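A short write-up of the structure that comes next.
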């Protein structure tokens, strides 16, 4: 039994050493090949690239990039934070706040329009929190 254990340890050691030798050889090959390749030249049309980046920023400004979800218990006798308010807004603060109030026998969902980070309708403290978190993101 001890002989088998010794043979197993010797075999594992040999495999480990072989793997280490192969890894060092592969590393040397990668280093040699990276020395041969030269860095790509910088594009000559930097102003064109700047224009494209500016156009992409304009397109992205209308995307709903400011998102936040606030979960809470709408009623004191229920737990599990099953009610929620979610703000979905673009860079200008335009979008919507969705709210779902979960009760024992039903759930109600509300949508309120947001313009310039403000709502014309009265909003709950949880909806206000979702707007603040979305604005900070």
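Every number here is computed from the coordinates shown, using simple stated rules; none is lab data. Keep in mind that this is a model prediction, so the values were computed, not measured. FYI the Cβ positions are ideal-geometry reconstructions off the backbone, even for glycines, and counts take in every protein chain you see.
Highest mean first, how do 88-98, 111-121, 56-66 rank when packing is the count of other Cβ atoms within 10 Å averaged over residues?
Result, highest mean Cβ count within 10 Å first: 88-98, 111-121, 56-66.
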Could you list the residues of the stretch 87-123 with an amide nitrogen less than 14 Å from a label point located 7 Å from the Cα of residue 65 in the Cα-to-C-beta direction?
89-94
May I ask for the percentage of alpha-carbon pairs in the stretch 60-136 that lie more than 22 Å from each other?
24 percent
Mean separation of Cα contacts under 8 Å (at least 6 apart) over the residue count of the stretch 60-136, i.e. the relative contact order in percent, is 30 percent
